[in-house]
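For reference, the structure discussed in these notes is given below.
The values are calculated or read from the model by the stated rules, or taken from the named source; none is laboratory data. Because the structure is a prediction, the values reported are computed rather than measured. Backbone-built Cβ (ideal geometry, glycine too); neighbour counts: all protein chains shown.
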Amino acid sequence: MIAELVIFIILGTVAVATGVAVILSKNPVHAVLFLVINFFSVAMFYLVLSAQFVAFLQILVYAGAIMVLFLFVVMLLNLTGAIESVQDKLPAQKWVGLALGIALLLEAGVVTAAGVFRQVPAAPPPSPNFGTSAPVGVKLFFDYLLPFEVTSVLLLIAIVGSIVLARRRTY
Amino acid sequence: MPEILVFLLIKLILVIVIFALWMTMVPLLIWLERKVIADIQVRLGPNRVGPFGLLQPIADAIKLIMKEDITPALVDKWVYGLAPAMLMVPAFLAIAVIPIGGVVTIGERSFALQIMGLYRGPGLFVPELDAGILLVLALSSLGVYGVVLSGWSSANKYSLLGGMRSSAQMLSYELPLGVALVGPLLLAGTLRLNGVVEAQADYGIWFIVPQLVAFAIFLMSGTAEINRSPFDLPEAEQELIGGYHTEYSSFRFAMFFMAEYVNMVTISAVAATFFLGGYRLFFNDIVWLQPVWFVLKLMAFLYLFIWVRGTLPRVRYDQLMKLGWKVFLPVALGNLLVTGLVIAFSPANTILVMSIVGALLGIATFFGLSYAIVYGLRRRRPESERRVVEPTRAGVSE
């Protein structure tokens with residue numbers, strides 16, 4: 001239990017610190033890299049929760065594929081100089097965001113202090129193969145077959161749509 | 001001694017042994033590559049340092065490390081410094097799931113010769129990492145960062161071009177690579193690498209026969225994924241001076257070099273595990289000898305990679321993209337479809353039917369691919385895609 005807490009604190013610190021760094025770094029490429037580290041710490045959270053399949057997918061899909069495309073776009077746009085010259089069109093949003101953020105933190109603090117989470121009964125220990133690929137596959141292809149297939153069709157539509165938008169008019 | 005300490009000790013020994021195996025493969029491979037290429041080109045190759053020039057890689061390494069470590073003035077220092085490590089660390093981490101031998105039993109404890117493998121002791125049972133092959137694929141996709149960022153941070157056009165090319169190449173070839181592996185996985189019925197090896201031993205046939213198509217696609221996509229010739233466009237010396245690692249020198253350059261070779265060993269290990277029966281022979285043998293069979297199969301693939309490099313010319317960039325998306329990916333998907341159909345409609349003797357179908361398909365694919373490569377890719381680009389370069393007077397830039 002104590003080991004889990006220590007791991008949680010370390011990972012949580014990394015996740016929050018890199019999350020803040022994503023917003024604060026001036027260089028967009030650095031921001032992308034911090035986001036990759038953030039995804040890694042989230043993957044580690046999944047591992048601690050014994051959801052290893054999801055953890056690998058998190059690294060494979062988000063860190064391995066999506067963020068590489070992000071990086072590609074950010075690098076090609078070469079935003080380094082452009083960002084500082086852009087005028088903030090909604091100067092008020094900073095202050096609204098700050099107020100809402102503080103409100104959220106206060107709410108979380110109050111709820112935790114009130115002891116709501118202490119009343120939740122401890123979950124039963126997961127079965128030995130919990131979170132491995134087989135049960136995830138069974139859930140996906142038996143219990144949630146329709147949403148799964150609908151999602152794949154949605155992605156197909158997105159691919160076709162992007163090709164239609166991007167192709168040359170001459171064809 | 002508590003059981004958990006025994007567990008950690010055994011795992012530590014495994015890590016050291018397997019890591020050492022990979023690390024000795026690298027200099028051996030550098031020597032082998034230079035010797036074999038020299039042989040193909042009717043030269044002698046290195047023969048001065050040590051017997052048969054065997055100590056040449058050590059001399060190379062010392063030379064590289066003694067050189068000055070240059071950081072150009074305009075580079076992004078953090079990213080520039082981190083990029084070689086970003087390439088090397090994933091390359092090494094993938095070792096963790098490769099099984100080099102079966103399950104060994106000593107007294108009341110038994111464990112697999114695999115870093116993230118099975119362990120069974122009194123009062124402690126640790127199963128094998130469930131989705132081992134996903135870890136390998138995830139890590140191979142992370143290698144892209146090292147290449148792209150080293151190109152970007154160098155503040156050099158050639159490096160950037162090399163990095164861009166490679167990110168597109170590696171992202172494209174990840175797909176056929178992953179899809180090709182699904183066929184053997186379907187036959188084995190598990191994502192664990194140890195399970196794949198045992199399935200081949202149970203069926204009594206290596207998956208290279210029923211999955212000949214997948215094997216061909218995997219091998220060629222793997223060559224592209226690790227940027228080996230004939231797909232070594234990211235570092236095409238003639239066009240890009242050296243590609244993404246142009247600005248690197250000394251130990252950082254050595255890291256790029258090492259990562260390439262480690263990747264080569266890892267992809268060969270995955271190929272041996274999935275298609276050549278991994279550490280198993282056809283009969284039950286002594287478990288302690290299994291790493292030897294594994295290394296022999298590994299060496300066969302490494303030799304093949306070197307042979308290919310010495311034989312084939314580099315492909316052009318548009319050919320590379322066409323090959324990946326229009327040939328390899330559809331063929332890999334077709335193989336997956338056929339494998340799925342055979343498993344669904346012939347559950348009784350799946351492996352027999354699949355072997356016949358797979359071998360026939362493999363031969364058909366061989367001729368189809370040869371036709372595509374010789375007649376399809378060798379064709380010049382169509383007029384509309386060709387960029388016309390106007391001749392300029394020598395020495396005058398545009």
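Things to note:
- So B:Arg109, is it away from every other protein chain (no Cβ under 12 Å) and without any contact (Cβ under 8 Å) to a residue 12 or more places away in the chain: no
- Every listed requirement among (1) modelled with pLDDT under 70; (2) within 14 Å of chain B (Cβ to nearest Cβ) is met by A:Pro126 save one, (1).
- Of the residues B:Leu137, B:Leu129, the single one that is over 30 Å from A:Leu71 (Cα atoms), surrounded by fewer than 24 Cβ atoms within 10 Å (Cβ to Cβ), out of contact with any Phe, Trp or Tyr (no Cβ under 8 Å at 6 or more places or on another chain) and at the interface with another protein chain (Cβ under 9 Å from one of its Cβ atoms) is B:Leu129.
- Those residues of the stretch B:140-167 which are over 13 Å from B:Ile226 (Cβ atoms), within 11 Å of another protein chain (Cβ to nearest Cβ) and in contact with a Leu (Cβ under 9 Å, 6 or more places away or on another chain), in sequence order: B:Leu142, B:Tyr145, B:Val148, B:Leu149, B:Gly151, B:Trp152, B:Ser153, B:Gly163, B:Met164, B:Ser167
- The lone exception for B:Val315 - which of (1) touching a helix residue (DSSP H, G or I) at 6+ places or on another chain (Cβ under 8 Å); (2) in a helix (DSSP H, G or I); (3) under 21 Å from B:Ala372 (Cα atoms) it fails: (2)
- Conditions (1) surrounded by 23 or more Cβ atoms within 10 Å (Cβ to Cβ); (2) within 12 Å of chain A (Cβ to nearest Cβ); (3) in a loop (DSSP other than H, G, I, E, B); number of the one not met by B:Phe207: (2)
- Residue check, B:Trp293 over 15 Å from the mean Cα position of the chain (by Cα) and without any contact (Cβ under 8 Å) to a residue 40 or more places away in the chain: yes
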